[in-house]
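First comes the structure, then the notes that go with it.
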Amino acid sequence: MLYLSKSRYCRLWQCPKMLWLDTYRPELKAQDDAKEARFAVGNEVGDLAMGLFGDFVEVTAKKEDGRLDLPEMIRRTEEEMKKRAPVICEASFSFGGLYCAVDLLKKENGGWAIYEVKSATHVSSVYCADVAYQKYVLENCGVKVTGVYVVTINGGYVFDGTRRLDELFNITDVSDGVAEETMKIEANLRTAEQVLAGGEPTVDIGEYCKSPYECEYWDYCTRALQRPNVFDLYRIGFKTALKHYFDGVTSYDALLAAGKVKNKTALRQIDFALNDRGTFADRDAIRAFLDTLSYPLYFLDFETMQLPVPKYVGTRPYQQVPFQYSLHYIEKEGGELKHKEFLAESGPDPRRALAERLCADIPKDVCVTAYNKAFECIRIKELAAAFPDLSEHLLNIESNIKDLLLPALFPDDPQLNYHNLEGVHNGSEAMDLFPQIQFMEPAEKETARRNLLKYCELDTLAMVKVWEKLKIV
Ligand code: SF4
């Protein structure tokens, strides 16, 4: 018998081979560092959305080992439907091996409406496939489905101190998209049955490898391609790269021979890779850049968090809220390298304290460098908008930022190896850790704060190293 959940149906919808690999070769998946964080975000949004229509009952049940107890959830759902509960969360159904849990099942218009909750800010076509699958299961269980909706986060919502769920969430009627997807369900289920009964299916790569979700089996499915290849070219669009792939032109040699690449940067990339020329350095551009820098010279890096549900007044969903920075600086030519840093208390709004310290740490009219300056500049502009009394100083800092977005020049420097750090190795880990600190025991809290400070310090130290190296290029 075919066993599917709604998430497995969506995997099949994106690519049948993905479902097969999930089932039989999951170890081939590339590591996804952000998966847990996404999961936590989904849970937070899902929990909050339960209260969207007021009173509700939740039928989630777990076994002793922590896994979901599906038969019990189905039993409780039947019971609550009989009691005519107005909203049932995680309402569960099973039909011939097909299982689904509806995020919110709401009694309306003489039947039941499905509300699928997503932590995204826009409705994607895969959501319609997801809801169509749920509708199919429910209708085959004898439920009259009178509405199909997707609940997403309203990206334009600004938290004013009182959380209003009806403003935080957008509800979209997806009847049309679901009707279209419903027509494909039986055929998709037959495909699933065939795919899962056989060996690894032969499916070529295609646009679906990156959309709606980036597939974790990309490296496995492209393992026969020479590396580097057309998909590694600088700023080549995925569709363009795919077109070359389908034309049979994927290796750098083949691309050159076929005259497929016109872009100067991409041509240089190919030339350097084929002729083993190491790292390209445009000396004139570097000298011109260095001439724009002056002492005292500052190296700034922020760490930020992105909350799907804003909790600080004046912030939007997913706004990047800075909570930490590292600042290396050199006062004069040949001067000592000094360091300042800031890490907010986890819990309260970190922005005011950070903005004040930033103004105290960086005087006006000094040269500041940042790695990928657009990010730091936008954060500072947001701080200036939030705190008008600091705005003049903040905007002065912002206007003096120069971009140090340059190629990695230190592949082998152990001092700059983020893997040697404890606990926090990248911005995503920093973003996940910071909001958790407020709930930690003192010793754990101290370790977490120390790890965050070390990580952020390394970011600006790397910038200092880049700058030092550029001076002798
Ligand atoms: S990489 Fe592409 S072809 Fe391979 S499983 Fe994923 S979506 Fe399918």
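In this structure, Glu167 does not satisfy being touching a residue at least 24 places away in the same chain (Cβ under 8 Å), in the same structural domain as Glu139 (by TED's automatic domain parsing) and acidic (Asp, Glu). Is it the case that segment 266-277 has a residue that's assigned to a loop (DSSP other than H, G, I, E, B) and touching a residue at least 12 places away in the same chain (Cβ under 8 Å)? Looking through segment 266-277, none of the residues is assigned to a loop (DSSP other than H, G, I, E, B) and touching a residue at least 12 places away in the same chain (Cβ under 8 Å). For segment 302-309, check the following and say yes or no: at least one residue is loosely packed, with under 12 Cβ neighbours inside 10 Å and under 23 Å from Ile401 (Cβ atoms). The answer is no; no qualifying residue exists.
For segment 411-425, the criterion of being surrounded by fewer than 16 Cβ atoms within 10 Å (Cβ to Cβ) and either modelled with pLDDT of 90 or more or among the β-branched types (Val, Ile, Thr) (or both) is met by no residue. Filtering Tyr213, Tyr234, Tyr252 for residues that are in contact (Cβ under 8 Å) with a residue 24 or more places away in the chain, of a type in the set (Phe, Trp, Tyr) and under 30 Å from Gly96 (Cα atoms) leaves a single hit, Tyr213. When you check Asp349 against the structure, is it surrounded by 14 or more Cβ atoms within 10 Å (Cβ to Cβ), assigned to a loop (DSSP other than H, G, I, E, B) and without any contact (Cβ under 8 Å) to a residue 40 or more places away in the chain, yes or no? In short, yes.
The single condition among (1) under 17 Å from Lys402 (Cβ atoms); (2) in contact with a Lys or Arg (Cβ under 8 Å, 6 or more places away or on another chain); (3) among the polar types (S, T, N, Q) that Asn372 does not meet is (2). Looking only at residues in segment 398-410 that are in a loop (DSSP other than H, G, I, E, B) and surrounded by 12 or more Cβ atoms within 10 Å (Cβ to Cβ), the one that is modelled with the highest pLDDT is Asn400. If the condition is being among the hydrophobic types (A, V, I, L, M, F, W, C) and in contact (Cβ under 8 Å) with a residue 40 or more places away in the chain, then segment 43-77 contributes Val45, Leu48, Ala49, Met50, Leu52, Phe53, Phe56.
The values are calculated or read from the model by the stated rules, or taken from the named source; none is laboratory data. Predicted model, so just to flag it, every value in this text is computed and none were measured. Quick reminder, even Gly has a Cβ in these numbers, built from the backbone with ideal geometry, and neighbours come from all protein chains shown.
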